[in-house]
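Presented below is the structure to which this report refers.
What follows draws every value from the coordinates through simple rules; no lab data is involved. Remember, predicted model here, so these are calculated numbers, not experimental data. Virtual Cβ from ideal backbone geometry, glycine too; neighbours counted across all protein chains shown.
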Amino acid sequence: MKQYDYLIVGSGLFGSVFAHEAKKRGKICLVIDKRNTTGGNIFCEKIHDINVHKYGAHIFHTSNKKIWDYVNNFVEFNKYINSPIANYKGELYNLPFNMNTFYQLWGTKTPLEAKEKISLQIEKSNIKEPKNLEEQAIKLVGEDIYFKLIKGYTEKQWGKKATELPPFIIKRLPVRFTFDNNYFNDKYQGIPIGGYNLLIDKLLEGIEVKLNINFFHNRNELEKIANKIVFTGMIDEFYEYKYGMLEYRSLKFENEVFDLENYQGNAVVNYTDYETPFTRIIEHKHFENNYSTKTIITREYPACWRKGDEPYYPINDDKNNSLYNKYKILADSETNVIFGGRLAQYKYYDMHNVIEEALNTVEKELSQI
Ligand code: FAD
Ligand code: UDP
């Protein structure tokens, strides 16, 4: 008899949802995390009574009612709608690409006028099947928007030419011919009232959690204490990089506190030129109607990833995807290890995707027993 049914490596959304659901089904879990906090990348730090999204701004959005109802069981959500502003060399534009953006760029006032402007640019580019992000972007919105609002941001964000990046990344952004600045097309959206930590605390209620424990520092011992492992860290690290290292993109965050009520008038302002070294400034209080007399901003700087840095984004180009597929073959043959989440599945997952994956995984796992 082992001490635990599941050792869950990582207390992010995947690990926490899995642990919660397994406990509900009578299983005994231990959750470990190498950080000194739970929640993975959704962890918020309270500074001057403002929830600071420590690992990047997180806005919950989904069209899946099951997932929306699931998270609402644990925490109430506010009605925050993400409507970022783009700052291109001092000019301001609404995002995502919509009638407001088109008016600001060209003075077009009707969908017909805007469509005509974009269609002319698309025709001129003569792109049939987009092979990379640049071609996909031009095929969606034409060259004007590509050069002012996409190219610079994208190339600094990913540290690669837009011609070397996969097309799917830009398809995350809506293009619409209405005056609607909602960044997402999803049915449901918001921020947990009181912050994301509440959600994680509720998920992990009654579950043993040990922080500051790196699985790889004590792998042999840890592998013995549970019948199965749920691993949510980097899959290539799990296999000691035997086929080579997957690439990630990292970030550096720079916080600043101001004795001001309002610094930029919006939660998210993107800097879309290449020369500004950060991609966006987040003003955290705007996520939650916080009336503090102070404000906190975070400048987000994209950074190269080297072993030991935080692996924020998988780089899902062909080269990395085929390397991942080699690791996935190993993962699929494991009988006692389950791999889940953004790092272990090497996918550009949003929160709702991770929750859905975790729920499906638990369902599959525990209906087999
Ligand atoms: P993580 O949150 O990364 O958790 C993994 C955990 O495992 C971490 O706590 C880590 O410390 C731990 N761990 C790793 N290796 C080990 C080890 N060896 N030993 C012990 N512990 C280990 N999604 C949205 O839906 N909306 C957004 O607005 C949004 N914004 C984002 C902004 C940024 C900058 C980033 C990077 C992501 C964003 N996401 C957003 C995505 C979201 O963060 C993820 O989908 C989700 O949090 C991933 O959960 P996870 O459990 O898979 O991984
Ligand atoms: N993007 C862009 N300009 C912007 C915002 C986004 O070109 O002002 C592109 C960029 O390539 C980015 C992708 O769209 O990586 C996806 O943006 P999203 O906001 O979804 O990125 P995330 O929040 O995951 O960093």
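Check Val52: other-chain or 5+ apart residues with amide H under 5 Å from its amide H, H built from backbone geometry?
Glu45, Lys46, Ile47
Determine the dipole magnitude for region 1-43: charges of +1 sit on the beta-carbon of Lys and Arg, -1 on that of Asp and Glu, nothing else is charged, the reference point is the Cα centre, and the result goes in debye to the nearest 20.
Details: 7 positive and 3 negative charges, 19 e Å.
It comes to approximately 80 debye.
Per the Kirkwood treatment, what hydrodynamic radius in Å, one decimal, follows for the chain from the mean inverse distance over all distinct Cα pairs? List each step's numbers first, then the result.
Details: mean 1/r = 0.0453 Å⁻¹.
Averaging 1/r across every pair of different Cα atoms and inverting gives 22.1 Å.
Take Asn290, project a point 7 Å from its Cα along the Cβ direction, then tell me which residues of region 228-263 have their backbone nitrogen under 14 Å from it.
Label zone hits: 255-263.
So how far apart, in nm, are the two label points at Ser119 and Asn227 if each is 7 Å from Cα heading toward Cβ?
Label-label distance for Ser119 and Asn227, simple model: 6.2 nm.
Which order do Ser16, Ser125 fall in if you start with the one that has the fewest other Cβ atoms within 10 Å? All intermediate terms of the calculation are to be shown ahead of the outcome.
On the way: Ser16 30, Ser125 16.
So the ranking, lowest neighbour count to highest, is Ser125, Ser16.
Nearest 5 is fine: what % of DSSP beta bridges in region 1-123 come out antiparallel, could you say?
Working: 8 of 12 bridges.
If I count the DSSP bridges inside region 1-123, around 65 percent turn out antiparallel.
In debye, nearest 20, what is the charge dipole magnitude of the chain about its Cα centre with +1 on Lys and Arg Cβ and -1 on Asp and Glu Cβ, if you could check? Show your work: numbers first, answer last.
Values: 49 positive and 49 negative charges, 102 e Å.
So the magnitude is around 480 debye.
For Lys23, go through the lysines and keep the ones whose alpha-carbon is under 25 Å away, minus same-chain ones fewer than eight residues off.
Straight-line reach from Lys23, under 25 Å: Lys2, Lys34, Lys65, Lys66, Lys202, Lys210, Lys224, Lys228, Lys364.
Kindly rank 75-88, 222-235 from highest to lowest mean number of other beta carbons found within 10 Å of each residue.
Final packing ranking: 222-235, 75-88.
Which Cα, out of Asn64, Gly142, Phe184, lies furthest along the positive dipole direction of the chain (beta carbon charges, K/R +1, D/E -1)?
Asn64
Rounded to whole Å, give me the distance from the Cα center of region 177-236 to that of region 4-35.
9
How high is the relative contact order of region 1-119, in percent, counting Cα pairs under 8 Å that sit 6 or more residues apart?
Details: 106 pairs, mean separation 15.6, N = 119.
Worked out over region 1-119, it gives 13 percent.
Grab the beta carbon distance between Lys364 and Lys252, set R0 = 25 Å, and tell me the FRET efficiency rounded to 0.05.
Numbers: r = 38 Å, r/R0 = 1.51.
The pair Lys364/Lys252 has a calculated efficiency of 0.10.
Please compute the contact order of the chain in relative form: average sequence separation of alpha-carbon pairs under 8 Å and at least six residues apart, divided by the residue count, as a percent.
26
Shape call for region 48-91 from the C-alpha gyration tensor, a ≥ b ≥ c root eigenvalues: rounded (a/c under 1.5), prolate (a/b greater than b/c) or oblate?
On the way: a/c = 3.01, a/b = 1.66, b/c = 1.82.
Oblate, because a/c is 1.5 or more while a/b does not exceed b/c.
Please name which of Val362, Ala331, Thr293 has its Cα lying farthest along the dipole of region 289-369 towards the positive end, using unit charges on Cβ (Lys, Arg +1; Asp, Glu -1) and the Cα centre as origin.
Of the options given, the answer is Thr293.
Rounded if a/c is under 1.5, else prolate if a/b beats b/c, else oblate: with a ≥ b ≥ c from the C-alpha gyration tensor eigenvalues square-rooted, which is region 93-245? The partial results should precede the final answer.
On the way: a/c = 3.90, a/b = 1.91, b/c = 2.04.
Because a/c hits 1.5 or more and a/b fails to exceed b/c, region 93-245 counts as oblate.
When a/c reaches 1.5 or more, the comparison of a/b and b/c decides; with that in mind, is region 1-80 rounded, prolate or oblate per its Cα gyration tensor?
oblate
Report the trypsin sites (Lys or Arg not before Pro) located in region 235-338 that are in a DSSP loop and have at most 12 other Cβ atoms inside 10 Å of their Cβ, or state none. Walk me through the numbers on the way to the answer.
Working: sites: Lys242, Arg249, Lys252, Arg280, Lys285, Lys294, Arg299, Arg306, Lys307, Lys319, Lys326, Lys328; in loops: Lys242, Lys294, Arg306, Lys307.
Passing both the DSSP loop test and the Cβ count: Lys242, Arg306, Lys307.
Run the dipole for region 43-117 about the Cα centre, Lys and Arg Cβ at +1, Asp and Glu Cβ at -1, nothing else charged, and hand back the magnitude in debye, nearest 20. Show your work: numbers first, answer last.
Details: 9 positive and 7 negative charges, 32 e Å.
Charge dipole of region 43-117: 160 debye, to the nearest 20.
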